[in-house]
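To start, the structure itself, in structure tokens.
The values are calculated or read from the model by the stated rules, or taken from the named source; none is laboratory data. What you are looking at is a predicted structure, and each value in this text was computed from that prediction instead of being measured. Accessible surface areas use protein heavy atoms only, side chains included; no ligands, DNA or RNA. Shrake-Rupley method; radii C 1.70, N 1.55, O 1.52, S 1.80 Å.
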Amino acid sequence: LYSAGFDATWEIDVFGQVRRSVEAARAGTEAARWQMRDGEVTLTAEIAADYVQLRADQARLKILADQEKSQRETLALTLARARTGFVTELDVNQQQQLVAQ
């Protein structure tokens, strides 16, 4: 171990131990960077999948709301037709059951 007058020290790296330590530290840092990137990709994929699922659920809700509206309109028409005698009470009851579902 040698020391210079301005408080700097160094040692001869005969077997490359210091160099290998530096290389190992750099490799460890690079591995940590890749792990972080892997986590970012995984998180991004999970967010994208959740967003797609959300949009699909929203579409299903819209379809169900439209179906309910259609069933209620059909019930109103069936009731009007029943008042005029064009359909039976059975038709009205069946349509009421469809709306209730």
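ALA49 falls short of the stated requirement of being among the small types (Gly, Ala, Ser) and under 30 Å from VAL99 (Cα atoms). Taken across the range 43-65, residues that are open to solvent by less than 70 Å² (accessible area, probe 1.4 Å), of a type in the set (A, V, I, L, M, F, W, C) and more than 17 Å from the chain's Cα centre (by Cα) do occur, with at least one present. Restricting the range 71-89 to residues that are hydroxyl-bearing (Ser, Thr, Tyr) and part of a helix (DSSP H, G or I) leaves a set whose member that is farthest from VAL99 (Cα to Cα) is THR84.
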